[in-house]
Amino acid sequence: MRIGFAITRAGSMDVTWTTIHLAVAALELGWSVRFIEPWDFEVSADRRLIARAHAFEPDQGIGVDAMVELLRGRRASRRFINVGKLDALLLRAAPLRPTLLTLGTMAQDRGVRVVNDPAGLLRVSHKAWLANQTGAHIPPTVVTRSRAAAQLFFEGQPDGVVVKPARGSGGRAVTRVFRHKAVDMDEAFDQASKAGDGYVVVQRYLRAAGEGEKRLLWLDGDLIGGYLRRRAVGEFRHNLKRGGIAEPTQITATDQRVARSITPALQRAGIRFAGLDVIGDSLVEVNALNPGGTYHTDRLSGTRLSRLVLSRLVEPLPASVEHP
């Protein structure tokens, strides 16, 4: 089995990243692993899709730390590969890279199983997609380019709002605006607008955020694990990169209801693996570009989710989740 990982940049890899743990799990299963960066593929004169990849083989005995060191130092073996001969290609890049979506689409055209579906990623990675879903446990939200529309929504929220870019983020240009602070609202809107594509998400601030935010791992309609993120003192964001603390958690009946509410839409979009960010009984974000969380879930719960995820992703799609 030959597995490809389309990534943003080899030099940015980290031992906590789910991508690395998936790759090591592939080696443990006896599969070959290839990492492809956005600038390292081309279409040959005979229409083959060729990539110069960072290559790892199962007989090397490479673990997580060694793989990260080799990738970051750009010292892994490099090989020219025919992407069309891969058994699966996992798109694992954030922020969204149009070049890697192109790679994924061309690999699909050649019969390669691509996870997640490139067309679905293009839709789901924009926060307007989630705000547009009916029946899901989504807090009151507007996605707009209009300062007036954002201001009108803000004025109706007794606990204030959270303002963020509609595409990408990772905690960047995300602001909590308290009730009756219109000047802060203007500044937050401008910051989020400039950080993304001009569209801004304005979402009701949830009081339950004080109890933390769950990152739940969703795979083909099932919740397979997750952990709780508690924010740092003086910070309202739960991102681990913003000082948040990862703690163990249980998947509750409420979590299952939230997941069921968004599952049909994710499956229609061709998404097979995603991270669901849940506060209380509300789904605040969906991460399908490079869903993380297996490392912290395994560390806190004693599970081995990477092998489960990888094994499921390379299996044929169940008939119940096939998409056009």
### Summary
Going through the stretch 241-263 in order, the residues found to be in contact (Cβ under 8 Å) with a residue 40 or more places away in the chain and in a helix (DSSP H, G or I) are Lys241, Arg242, Asp255, Arg257, Val258, Ala259, Ser261, Ile262, Thr263
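Could you say which residue among Ala253, Ala274 is buried (at least 21 other Cβ atoms within 10 Å of the Cβ) and among the small types (Gly, Ala, Ser)? Lay out the reasoning, then the answer.
On the way: Ala253 fails: buried (at least 21 other Cβ atoms within 10 Å of the Cβ).
Only one candidate qualifies: Ala274.
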### Contacts under 6 angstrom Cβ, first residue in the stretch 54-73 being touching a residue at least 60 places away in the same chain (Cβ under 8 Å), partner among the small types (Gly, Ala, Ser) and surrounded by fewer than 15 Cβ atoms within 10 Å (Cβ to Cβ), 6 or more apart
Arg72/Gly11
## Note on the structure
Subset of the stretch 16-47, residues surrounded by fewer than 14 Cβ atoms within 10 Å (Cβ to Cβ) and not acidic (Asp, Glu), comes to Gly30, Trp39, Val43, Ser44, Ala45, Arg47
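Just to check your reading of the model, which residue among Arg34, Arg74, Arg78, Arg52 is of a type in the set (Lys, Arg), part of a loop (DSSP other than H, G, I, E, B) and either under 23 Å from Pro291 (Cα atoms) or not assigned by TED's automatic domain parsing to the domain that holds Asp197 (or both)? If you could, list the steps in order and put the result at the bottom.
Values: Arg34 fails: part of a loop (DSSP other than H, G, I, E, B); Arg78 fails: part of a loop (DSSP other than H, G, I, E, B); Arg52 fails: part of a loop (DSSP other than H, G, I, E, B).
Unique residue meeting the criteria: Arg74.
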### Message
Go through the stretch 234-250 and report how many residues are surrounded by fewer than 21 Cβ atoms within 10 Å (Cβ to Cβ) and either touching a Phe, Trp or Tyr at 6+ places or on another chain (Cβ under 7 Å) or within 25 Å of Arg92 (Cα to Cα) (or both).
### Response
11
### Task
Filter the stretch 141-171 for residues that are farther than 18 Å from Ala209 by Cβ, assigned to a loop (DSSP other than H, G, I, E, B) and of a type outside the set (A, V, I, L, M, F, W, C) and give the result.
Arg145, Ser146, Gly156, Gly168
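The values are calculated or read from the model by the stated rules, or taken from the named source; none is laboratory data. As the structure is a prediction and not an experimental result, all values here were calculated from the model. Ideal geometry is used to build each Cβ from the backbone, glycine not excepted, and the neighbour counts take in all protein chains shown.
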